[in-house]
Every structure is written in structure tokens, then in C-alpha cells.
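Below: one structure, written as C-alpha cells.
The values are calculated or read from the model by the stated rules, or taken from the named source; none is laboratory data. Everything numeric here is computed off the predicted structure, so don't read it as measured data. For neighbour counting, all protein chains shown are included, and Cβ atoms are generated from backbone atoms with ideal geometry for every residue, glycine included.
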Amino acid sequence: MKRDKILSLVLTKRIKFLLIYTVLSIANNTPLVAQEASGLSLGKPLETIREPGEIYLAGNKGDWNVRCITGNPGEIDKCEIQQLLFLNENTPVADISIFKLPDGERAIAAANVMVPLETLLTKKFRFAFSEESVKEFPYSFCNQNGCLVRMGLLEEDIEAMKKGSSSELSITHISSPESSVNLSLSLNGFTAAFDVIRPF
């Protein structure tokens, strides 16, 4: 019993010593820690500097990208909305971009659709804005990237797209002139994306 009591006293003294040593160590190191903290650099965000004509992604609205071209100093950036169209999950076939036109035009917006070079140009491009509104458009020209359709969009065309969940675009491949390739255009986020861009 006496031995246990002595060991207990010795252990208690050691614990007290360790506690005192720890407190003193923290107290002595505090100025050093504060000094190191005061010397830390918090960094500085890099300014986004773009050259005129540089294309950048301004954001996304649903399935639509908002893509802009940097303007000259003092000019606003010109923005359009864009979406890739897929034949299946991994095969992009077409690209559509839509931008607003200035007031005073009959069409309130314009769309460019790029389709593959293997498209049969004698069969016109079809765009189903809704089940009730389907229009045909001619191809404008082709280059090494594909063939381009340039469309003027009326207010009723845009309104039909805002109300729908998807539109259907149809092209014809040169290997199958009697059948059409139908591509689904998602309208998820279309209204928000269209409303965020300005005419140019």
C-alpha cells in the first residue's frame, strides 16, 4: 500500500510537470506562430485577360452552352448559345448555334447548323420546332468542317422552342437518299440560355 501510494505521488508529480511544460511551451511558441502566420501570403486571383476575338465559354444553361467572342476594348462581347447533336451516345453529328439579331429585323434570331460532309444537299434540311411547326431550309455552303445551314428564326419559332422539351432536326445521308437521319435537340435550359444573351 505504501509503495503504491509513493508511485501514485510520483506519477501525479510527473503529470503536473508535463502539464506545466506543455503550457509553457505553447506560451513560448505563440509569438513565433503568430509571426509565421502574419508572413503568410494569401495569394492574388489572376485577372482574366482575353484578347479580342478570343472565344470562351461563359456558362451553361441546362443542355446549352453560352459561348462568347471577346470584343474590342469598350465593346461588349458577342454571345451565342450552342449545343452538339449526337447520333448515339458517343457520336456527335451536328452542331447548332443560335444568336439574337438587332431590333427591326423580321427574324429575331439566327441559327447556324453544321452537318457532316456526307449529307445529301439536294434534300433540304428540316427543323421541327414543334409537332405542328416543321420547316425546310437550304444548305448555304460546305467547307472542310462540314456543310452549313443558316436559318432565320421568327418569334413564333423561338416561342415554340421555349414551350417544348425537344426539337427534331433531319438530314439525309448520301448513302441512303430515301431515308432521313433524325437528330434530337434538347430544349432543356433553352429559355434561360436564350434570355441571357444580347442581340448583335
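Sort out which residues of the stretch 147-170 are in a strand (DSSP E or B) and among the hydroxyl-bearing types (S, T, Y), and write them in order of number.
Result: S166, S167, S170.
Taking only the stretch 171-180 into account, find how many residues are outside any loop (DSSP other than H, G, I, E, B) and surrounded by fewer than 17 Cβ atoms within 10 Å (Cβ to Cβ).
1
Considering each of S166, S180, S176, S184 in turn, give the residue that is more than 30 Å from Y56 (Cβ to Cβ) and in contact (Cβ under 8 Å) with a residue 12 or more places away in the chain.
Unique residue meeting the criteria: S180.
Could you tell me how many of the residues in the stretch 115-132 are touching a Phe, Trp or Tyr at 6+ places or on another chain (Cβ under 9 Å) and of a type in the set (S, T, Y)?
The qualifying residues number 1.
Conditions first: (1) within 17 Å of V115 (Cα to Cα); (2) of a type in the set (V, I, T); (3) crowded, with 16+ Cβ neighbours inside 10 Å. I197 passes all but one, so which condition is the exception?
(1)
Read through the list (1) touching a strand residue (DSSP E or B) at 6+ places or on another chain (Cβ under 9 Å); (2) charged (D, E, K, R); (3) modelled with pLDDT under 95, then give the number of the only condition that K123 fails.
(3)
Can you tell which of N143, N182, N112 is over 23 Å from the mean Cα position of the chain (by Cα), closer than 20 Å to I69 by Cβ, assigned by TED's automatic domain parsing to the domain that holds D77 and of a type in the set (S, T, N, Q)?
Unique residue meeting the criteria: N143.
Between S97, S130, S140, which is in contact with a helix residue (DSSP H, G or I) (Cβ under 7 Å, 6 or more places away or on another chain) and not basic (K, R)?
Going through S97, S130, S140 in turn, just one is in contact with a helix residue (DSSP H, G or I) (Cβ under 7 Å, 6 or more places away or on another chain) and not basic (K, R): S130.
What are the residues in the stretch 136-146 that are in contact with a strand residue (DSSP E or B) (Cβ under 9 Å, 6 or more places away or on another chain) and either assigned to a loop (DSSP other than H, G, I, E, B) or more than 14 Å from V113 (Cα to Cα) (or both), if any?
Answer for the stretch 136-146, where residues must be in contact with a strand residue (DSSP E or B) (Cβ under 9 Å, 6 or more places away or on another chain) and either assigned to a loop (DSSP other than H, G, I, E, B) or more than 14 Å from V113 (Cα to Cα) (or both): P138, Y139, S140, N145.
For the stretch 55-64, indicate whether the set of residues that are of a type in the set (V, I, T), touching a Pro at 6+ places or on another chain (Cβ under 8 Å) and at pLDDT 55 or above is non-empty.
Within the stretch 55-64, none of the residues are of a type in the set (V, I, T), touching a Pro at 6+ places or on another chain (Cβ under 8 Å) and at pLDDT 55 or above.
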